[in-house]
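A.B. asks: So that we are looking at the same thing, I have put the structure below in structure tokens.
The values are calculated or read from the model by the stated rules, or taken from the named source; none is laboratory data. From a predicted model like this one, the values you see are computed outputs, not experimental measurements. Neighbour counts are summed over all protein chains in view; Cβ atoms, including those assigned to glycine, are modelled from backbone coordinates with ideal geometry. Note: areas computed on protein heavy atoms with side chains; ligands, DNA, RNA excluded. Shrake-Rupley method; radii C 1.70, N 1.55, O 1.52, S 1.80 Å.
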Amino acid sequence: MKIAIAGSGAIGSGFGYLLKKGGHEVTLMDFWEDHIQAVQQNGLTIAVNGQQDNIDIPMDKPENIQEKFDVVFIFTKSMYLQGMLEAIEHTLAGNTKVVCLLNGLGHEKTIAEYIPKENIIMGTTVWTASLEAPGKTSLMGQGPVEVQEVDPKGKEAALTLVQVLSDCGLNGIYSADVHFTTWRKACVNGTLNTLSALLDANIEELLQSDYVQHLIREIVEEFSRAAKAKGIGLEVEEMITYLNEASKKVGTHYPSMHQDIMNKRPTEVDFLTGEVAKIGAKNGFKTPKSQTLTELIHAKEDVLGISREH
Ligand code: NAD
């Protein structure tokens, strides 16, 4: 299969590596000059669960790539999704499948502005990755990657993708309800990530505070209400139980938004609590915690001099 990764940072490079190792023809696309140059000159250096490797893999800016692909995985940060779609439009054929595994809400609508719904496959993944330096990344975990089509006509493509992912060691799963899974993951990120970033605390430290526990419940209630407005059943008690279970597994981990703030990079908050606040405003209900958390994260970005330009 001819596969492109649009946005080959931490997680995109990891997926590109495993898909290429699995025998596919993979091209990495990105805008970061230093990273592109490093991969072009020295190959991609990667540790998958500690196992070091280096491979030659084509990488370039989208404007320098003239081929069309069977499948494109999008792995930008949420706020750069639209820009990436514009940049890669010429690499999409009429039947190219676009797979979106970004964290956050509202991406399906953005992608649907560019390609037919039957070509969109949405999903989530619990693989984790980090980019240590240009050309040097690591991928951790076992997955899974849960995917599902958004239009019934795309079902066969989604099933084929599940097989491709599994054959490449990425642990593909066909999701029974990708919208629910996406909301559940966004709710985890909208609670734990935002609070960790604001309070400069890891998950274990956060959950020791009764104030945090109370805040989490209130944020989950707002997510649940916004999900309902979108026709998705995200029950508060089930979500709290899920969050508690998920938190036990990650313990002393600092979530990605904390890392973004520490590394002075803009966060994806507008696509988490920010999206919940937008849905509330549109549907006539208040989301005070989501609104305030979004504003506080942006305030934190401002005081640290982090630009949100894109
Ligand atoms: P990332 O920041 O590593 O990469 C995203 C883009 O930013 C890439 O194009 C990358 O080249 C660019 N970039 C990164 N550092 C840069 C720098 N210093 N200068 C210039 N450009 C730079 O993001 P990611 O972690 O790969 O996440 C992509 C998406 O996947 C996000 O929506 C994220 O929430 C989601 N996701 C990430 C993980 C993870 O563990 N990393 C897991 C699941 C989902």
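A.B. asks: How many residues are out of contact with any Lys or Arg (no Cβ under 7 Å at 6 or more places or on another chain) and either outside any helix (DSSP H, G or I) or within 17 Å of Leu131 (Cα to Cα) (or both) when one looks only at segment 263-283?
C.D. replies: Total satisfying the criteria: 5.
A.B. asks: Of the conditions (1) in a helix (DSSP H, G or I); (2) surrounded by fewer than 17 Cβ atoms within 10 Å (Cβ to Cβ); (3) out of contact with any Phe, Trp or Tyr (no Cβ under 9 Å at 6 or more places or on another chain), Glu86 satisfies every one except a single condition; which number is it?
C.D. replies: For Glu86, the failing item is (3).
A.B. asks: I'm trying to understand the selection: among the residues of segment 80-107, which are more than 10 Å from the ligand (Cβ to nearest atom) and on the phi > 0 side of the Ramachandran plot?
C.D. replies: Gly106, the sole residue that qualifies.
A.B. asks: Only one residue in Glu146, Glu156 is closer than 22 Å to Gly22 by Cβ, among the charged types (D, E, K, R) and touching a Gly at 6+ places or on another chain (Cβ under 6 Å), so which one is that?
C.D. replies: Glu146
A.B. asks: Scanning for something open to solvent by 90 Å² or more (accessible area, probe 1.4 Å) and within 16 Å of the ligand (Cβ to nearest atom), does segment 205-219 turn up at least one residue?
C.D. replies: Taking segment 205-219 as the starting set, the residues that turn out to be open to solvent by 90 Å² or more (accessible area, probe 1.4 Å) are 208, 210-211, 214.
From what's left, within 16 Å of the ligand (Cβ to nearest atom): none.
Checked segment 205-219: no residue is open to solvent by 90 Å² or more (accessible area, probe 1.4 Å) and within 16 Å of the ligand (Cβ to nearest atom).
A.B. asks: Give the residues of segment 237-255 that are buried (at least 16 other Cβ atoms within 10 Å of the Cβ) and assigned to a helix (DSSP H, G or I), sorted by residue number.
C.D. replies: Passing the criteria: Met239, Ile240, Tyr242, Leu243, Ser247.
A.B. asks: Right, here's the next one. Just give me the residues in segment 134-157 being open to solvent by less than 40 Å² (accessible area, probe 1.4 Å) and within 11 Å of the ligand (Cβ to nearest atom), in sequence order.
C.D. replies: Result: Gly135, Thr137, Ser138, Leu139, Gly141, Gly143, Val145.
A.B. asks: Could you give me the residue pairs with C-beta distances under 6 Å whose first residue belongs to segment 2-25 and is free of Cβ contacts under 8 Å to residues at least 40 places away in the same chain, whose second residue is open to solvent by 10 Å² or more (accessible area, probe 1.4 Å) and more than 16 Å from the ligand (Cβ to nearest atom) wherever it lies, and which are 6+ apart or on separate chains?
C.D. replies: Qualifying pairs under 6 Å: Glu25/Lys2.
A.B. asks: Starting from residues that are part of a strand (DSSP E or B) and in contact (Cβ under 8 Å) with a residue 40 or more places away in the chain, keep the ones in segment 33-61 and report whichever is surrounded by the fewest Cβ atoms within 10 Å (Cβ to Cβ).
C.D. replies: Ala47
A.B. asks: Among the residues of segment 4-27, is any modelled with pLDDT of 95 or more, part of a strand (DSSP E or B) and touching an Asp or Glu at 6+ places or on another chain (Cβ under 7 Å)?
C.D. replies: No, the conditions are met nowhere in segment 4-27.
A.B. asks: Please find, within segment 119-133, the residue that is farthest from the chain's Cα centre (by Cα) out of those that are more than 10 Å from the ligand (Cβ to nearest atom) and among the hydrophobic types (A, V, I, L, M, F, W, C).
C.D. replies: In this case the residue turns out to be Ile120.
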